[in-house]
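Undergrad: Could you have a look at this structure, given as C-alpha cells, before my questions?
The values are calculated or read from the model by the stated rules, or taken from the named source; none is laboratory data. Keep in mind the model is a prediction, meaning the values are calculated, not measured. Using ideal geometry, Cβ is built from the backbone for each residue, glycine included, and neighbour counts are taken over all protein chains shown.
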Amino acid sequence: MNTQQAYLVDGVRTPIGNLGGALAPVRADDLAAHALGALVARVTAQSPNFDVAAIADVILGCANQAGEDNRNVARMAALLAGLPVSVPGETVNRLCA
C-alpha cells in the first residue's frame, strides 16, 4: 500500500450523551468497540473476502478524555471489537479553538 494514499471504507458514529445520562456507565472504548464491530460486520457482509488484518489503522476522535477514559480509545476499541493485535489504533482529541 502506498502510504501517501488513504482509503476511507465507511464510517459510523456513536451517540452524544449528557453528563449523568443513560450512557454515563458505558466506557468510551466499549461504546467505540460496538460501533467499530458493526462497521467491520457491515464491510465484511458487503465484501466477504475482506481481510480485517489488512486494516492499516483505526483512527477515532474523542473529545474531553479524562479519568478512566484517558487512554488510547481507538486501540482499546479495536481490540475489544476483535480486530487482530497487529491493527494499530490512534485517538485524536481535538477541542474548539
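Undergrad: Select from region 26-45 the residues that are modelled with pLDDT under 90 and either exposed (fewer than 10 other Cβ atoms within 10 Å of the Cβ) or in contact with a Cys (Cβ under 8 Å, 6 or more places away or on another chain) (or both) and list them in ascending order.
TA: The answer is Ala28, and nothing else.
Undergrad: Now, a different point. Among the residues of region 77-86, is there at least one that is assigned to a strand (DSSP E or B) and among the β-branched types (Val, Ile, Thr)?
TA: no
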